[in-house]
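> One structure, pasted below without further comment.
The values are calculated or read from the model by the stated rules, or taken from the named source; none is laboratory data. For clarity, every value in this text was computed on a predicted model and none was experimentally measured. Please note: Cβ atoms are built from the backbone with ideal geometry, for glycine as well, and neighbour counts cover all protein chains shown. Protein only, heavy atoms only, side chains kept; ligands, DNA and RNA dropped before computing areas. Shrake-Rupley method; radii C 1.70, N 1.55, O 1.52, S 1.80 Å.
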Amino acid sequence: MVQARQVRKHFGRLEVLRGIDLSVNRGDVLCLIGPSGSGKSTFIRCINHLEKIDGGELIVDGELVGYRQSGNTLHELRDSEVCGMRSRIGMVFQRFNLFPHMNVLDNVMSGPVWVKKEPISASKDRAHGLLERVGLVDKVKSYPSQLSGGQQQRVAIARALAMEPKLMLFDEPTSALDPELVGDVLDVMRALAEDGMTMIVVTHEMGFAREVGDTVVFMDGGVVVESGEPKVVLTSPQHERTRSFLSKVL
């Protein structure tokens, strides 16, 4: 589903990604772990072209991200084409990013109605089903300010799923939540994984990475230091940098 080949990204003189190589099979869950500033969030933002890469290739479901290749030349896609590509990749952010002036139902319906031009009736039916799936069907008329952080994040997940994505990206989805609210969000993500959704998750929740992840990738300094099965990376890491990091977070 996802292939990264020598992906590079810099902001001015700061090189944030220094040649990332990794792949994610369809239906798998890849968990990205590592210290703050290691490039994890930047990398997944590159996957849906929220950030443009400066080198290498990113391919999602057989298509180059953000570009079209003609012979040996890459042509950047128009904004409308990028939006079409991005609509097939769901993303859940650390800070929810719900529309504050819309109630829960309208937030979930917004993508299908505005971007995909779906009939309101069909979008509403799907939104109700998704809100039931995340345990919030009783909050359809509530506004984000009336919800807890955990509830807002579950609405954000439902909103991303409403676009029927082939891939879901999660950027530290629980780091802004009070500890007692984390479990409900992780339960929704576990259910998605069990249903076969391909997911890339930037997370500090090592228990989730161990239980749900098919692969754990440890990043530091803009490179992949170590990757493999969760039980291997998290319990018997091969690199000293990985061991040092895990000794502080486990």
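> Condition check: open to solvent by 70 Å² or more (accessible area, probe 1.4 Å), modelled with pLDDT of 95 or more and of a type in the set (D, E, K, R). Does Arg190 satisfy that?
no
> Of the residues Gly222, Gly228, only one is without any contact (Cβ under 8 Å) to a residue 40 or more places away in the chain, closer than 19 Å to Leu30 by Cα and small (Gly, Ala, Ser); which?
Working: Gly222 fails: without any contact (Cβ under 8 Å) to a residue 40 or more places away in the chain.
Testing whether each residue is without any contact (Cβ under 8 Å) to a residue 40 or more places away in the chain, closer than 19 Å to Leu30 by Cα and small (Gly, Ala, Ser) leaves just Gly228.
Residue by residue, here is whether (1) closer than 30 Å to Ser247 by Cβ; (2) in contact with a Ser or Thr (Cβ under 6 Å, 6 or more places away or on another chain) holds:
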| site | (1), (2) |
| --- | --- |
| Met1 | no, yes |
| Ala4 | yes, no |
| Leu14 | yes, no |
| Pro35 | yes, no |
| Thr42 | yes, no |
| Phe99 | no, no |
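> Then there is this: Out of the residues in the stretch 123-138 that are buried (at least 18 other Cβ atoms within 10 Å of the Cβ) and farther than 14 Å from Met109 by Cα, which is nearest to the chain's Cα centre (by Cα)? If you could, list the steps in order and put the result at the bottom.
Taking the stretch 123-138 and keeping what is buried (at least 18 other Cβ atoms within 10 Å of the Cβ), we get 123-124, 126-127, 130-131, 134, 136.
Now narrow it down to the ones that are farther than 14 Å from Met109 by Cα: 134, 136.
Numbers: Val134: 17, Leu136: 21 Å.
Going through the qualifying residues, I end up with Val134.
> Moving on to the next point. All but one of (1) closer than 26 Å to Pro230 by Cα; (2) surrounded by fewer than 22 Cβ atoms within 10 Å (Cβ to Cβ); (3) among the β-branched types (Val, Ile, Thr) hold for Thr73, so report the exception by its number.
Tallying (1) closer than 26 Å to Pro230 by Cα; (2) surrounded by fewer than 22 Cβ atoms within 10 Å (Cβ to Cβ); (3) among the β-branched types (Val, Ile, Thr), Thr73 fails exactly one: (1).
> Looking at Glu51, Glu118, Glu57, which is the one that is among the acidic types (Asp, Glu), open to solvent by less than 70 Å² (accessible area, probe 1.4 Å) and more than 19 Å from the chain's Cα centre (by Cα)?
Glu118 is the lone residue from the list that is among the acidic types (Asp, Glu), open to solvent by less than 70 Å² (accessible area, probe 1.4 Å) and more than 19 Å from the chain's Cα centre (by Cα).
> While we're looking at this one, here's another question. Report, by residue number, each residue of the stretch 1-56 that is more than 14 Å from Phe170 (Cβ to Cβ), among the polar types (S, T, N, Q) and at pLDDT below 95.
Ser36
Here is a yes/no grid of residues against (1) surrounded by fewer than 17 Cβ atoms within 10 Å (Cβ to Cβ); (2) closer than 15 Å to Leu22 by Cα:
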residue: His204; (1), (2): yes, no
residue: Asp214; (1), (2): yes, yes
residue: Gly221; (1), (2): yes, no
residue: Val225; (1), (2): no, yes
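> Could I ask something else about it? Residue by residue through the stretch 227-249, note down the ones that are open to solvent by 80 Å² or more (accessible area, probe 1.4 Å) and either of a type in the set (Val, Ile, Thr) or part of a helix (DSSP H, G or I) (or both).
Filtering the stretch 227-249 down to residues open to solvent by 80 Å² or more (accessible area, probe 1.4 Å) leaves 229, 231, 235, 238-241, 243, 247-248.
The answer is Lys231, Thr235, Glu240, Arg241, Arg243, Ser247, Lys248.
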